[in-house]
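The values are calculated or read from the model by the stated rules, or taken from the named source; none is laboratory data. All figures in this text were calculated on a predicted structure; none of them were measured in a lab. Don't worry about glycine lacking a Cβ; one is built from the backbone with ideal geometry, like all the others, and counts go over all protein chains shown.
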Amino acid sequence: MNTKIEAVSQRSLRNAAQSEKADKFALTMKSIIDDLKAAELTIHGMAEELNKRRFRTPRGHFWSYASVSNVCARLDTIARRAKTAGVAEDEFCSSPTRPNCLIGGAISA
């Protein structure tokens, strides 16, 4: 096999794995983010509250405007994929072995 093709394939697999990991993290934060949105906090306010509650980003950093915004955008994307697939948001899963799993952008049955 061509080494350039192998490199692209490996990079694609790494990117897919990173995306799946980010999706899983965002889903673990969903209920907390939803609560903060319900409290009508701004993105900055959400970052402050997450830091006050001692939550950390996946890399162990403090929350910033950008990190909260990225998680919110990821959750919106996951919700759009669920709607397009005809899957209820409450059927999100954290394991690709479960039916209708939307982790990583693909739906597995």
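The combined condition, being more than 14 Å from Arg74 (Cα to Cα) and either of a type in the set (Ser, Thr, Tyr) or surrounded by 12 or more Cβ atoms within 10 Å (Cβ to Cβ) (or both), is not fulfilled by Phe25.
Residues considered: Leu36, Leu50. Of these, the only one that is free of Cβ contacts under 8 Å to residues at least 40 places away in the same chain, part of a helix (DSSP H, G or I), surrounded by 13 or more Cβ atoms within 10 Å (Cβ to Cβ) and touching a Gly at 6+ places or on another chain (Cβ under 9 Å) is Leu36.
Screening region 1-22 for residues that are farther than 21 Å from Ala79 by Cα and surrounded by 11 or more Cβ atoms within 10 Å (Cβ to Cβ) and picking the one that is modelled with the highest pLDDT gives Ser9. Of the numbered criteria (1) in contact with a Leu (Cβ under 7 Å, 6 or more places away or on another chain); (2) under 15 Å from Ala66 (Cα atoms), the one Ala22 fails is (1). When residues in region 59-105 are screened for being modelled with pLDDT under 60 and touching a Lys or Arg at 6+ places or on another chain (Cβ under 7 Å), 4 of them pass.
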